[in-house]
1. Could you check the stretch 1-32 and list, in sequence order, the residues that are surrounded by 11 or more Cβ atoms within 10 Å (Cβ to Cβ), at pLDDT below 95 and assigned to a loop (DSSP other than H, G, I, E, B)?
2. For the stretch 32-85, which residues satisfy the criterion of being of a type in the set (D, E, K, R) and on the phi > 0 side of the Ramachandran plot?
3. Give the stretch 33-67 a look and list any residue that's basic (Lys, Arg) and either surrounded by 11 or more Cβ atoms within 10 Å (Cβ to Cβ) or under 16 Å from GLU19 (Cα atoms) (or both), or say none.
Amino acid sequence: MKKSVRQKKVPLWQQAYLEDRVRVNRGKPQLYGTQFRLNKKRVLVMWPVQNRIRLNIRRKQAGLEPIGVYKKELQSRQLALKERW
């Protein structure tokens, strides 16, 4: 996928999501903060992130919105799903 990103065939944000998913599944901290889970109280919690201080810098470089905006969007989606159930 990295080659496809370099060739501009795949947007960098897609690589960021995939890379985070793979890292989380391997028990490693994610780089871009794209992966969240629901805790026992059904609250969204971000999986661990490497170097959280630089998180929004990496997200911006990948074409992603700031983590605060992304988390609010996820919470809004979760609330909409709860209302359907």
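1. Result: MET1, VAL10, PRO11.
2. Result: ARG42, single match.
3. Once the filter is applied, which keeps residues that are basic (Lys, Arg) and either surrounded by 11 or more Cβ atoms within 10 Å (Cβ to Cβ) or under 16 Å from GLU19 (Cα atoms) (or both), the stretch 33-67 yields ARG52, ARG54, ARG58, ARG59, LYS60.
The values are calculated or read from the model by the stated rules, or taken from the named source; none is laboratory data. Just so we're clear, the structure is a prediction, and the values are computed from it rather than from any experiment. Cβ: placed from backbone, ideal geometry, glycine included. Neighbour counts: every protein chain shown.
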